[in-house]
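Written below as structure tokens is the structure these notes are about.
Here, each number is a calculation from the coordinates, and none is a lab measurement. Note that the coordinates shown come from a computational prediction; the quantities given were computed from them, not determined experimentally. Reconstructed Cβ throughout: ideal geometry from the backbone, glycine too, with neighbour counts over all protein chains shown.
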Amino acid sequence: MNSLLSYNGGMKILVIDGQGGNIGKSIVEQIRQSMPDQTVIAIGTNSAATSAMVKAGASAGATGENPVIVNSRDADYIIGPIGIILADSMLGEITPAMARAIGESKAHKILIPVNKCITVAGVESLSLGQYIQKAVALIGC
């Protein structure tokens, strides 16, 4: 555990996003509104995504493959678009090692369905904002 971060007996919530980080930014904002004292670690697959999530209020942020691998080890929750568990997705930003680390993590994974090249059967048709609200509501359940 990183000694610079205080978990205060709370949860370690890992938000992972790529490209522009807009989904991750929205997730962080909603977590901050509903659970302001929880530790939220933002991991971007690129610096723009990380920056967007940190500006939205993440407790800390890092960029790239190794931070995903390291932080997935002890996260209580991992939340992000469904592509974070698929190697080579998000225009190739998710490496096989990232997808594996997330998949092998004991963390509860909460995935946002994004209908770009992926269709999840049985998923209701909602706006991205509605999916993010539902996802954040699942933290702690």
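Points to keep in mind about this one:
- Amide H partners (placed H, <5 Å) of T95, local residues excluded: D88
- Using a Förster distance of 25 Å, the FRET efficiency for A48-T95 (Cβ separation, nearest 0.05): 0.90
- Remark: the stretch 105-112, residue by residue, has Karplus-estimated 3J(HN,Hα) of 4, 7, 4, 6, 9, 10, 10, 8 Hz, where x stands for each Gly or Pro and the curve is 6.51 cos²θ - 1.76 cosθ + 1.60 at θ = phi - 60°.
- Where trypsin sites (Lys or Arg not before Pro) fall in DSSP loop in the stretch 99-141, at most 15 other Cβ within 10 Å: K106, K116
- Relative protection proxy for 51-58, 67-74, from highest mean packing down: 51-58, 67-74 (other beta-carbon atoms within 10 angstrom).
- Once both labels are positioned 7 Å from their Cα atoms along Cα-to-Cβ, the gap between L128 and D37 label points is 3.3 nm.
- Amide H to amide H, with H built 1.01 Å from N, I78 comes under 5 Å of L14, H108, K109, I110, counting only residues 5 or more places away or on other chains.
- Phi-derived couplings, Karplus 6.51 cos²θ - 1.76 cosθ + 1.60 at θ = phi - 60°, listed residue by residue for the stretch 85-97: 9, 10, 4, 6, 7, 6, 6, x, 6, 8, 7, x, 5 Hz, with x used for Gly and Pro.
- Taking Cβ atoms as reference points and 10 Å as the exclusive limit, the residues near Y77 contribute a net charge of +1, counting Lys and Arg as +1 and Asp and Glu as -1.
- Extension gain (nm, one decimal) between A137 and V120, 0.36 nm per residue minus Cα-Cα: 4.1 nm
- Peptides 76-88, 12-24 ordered by packing proxy, namely the average of other Cβ atoms within 10 Å per residue, highest first: 12-24, 76-88.
- Bridging of K12 to aspartates and glutamates at a Cα separation below 19 Å is possible for E29, D37, E65, D74, D76, E104, once same-chain residues fewer than 8 apart are set aside.
- Per-selection Kirkwood Rh - the chain (Cα, Å, 1 d.p.): 14.7 Å
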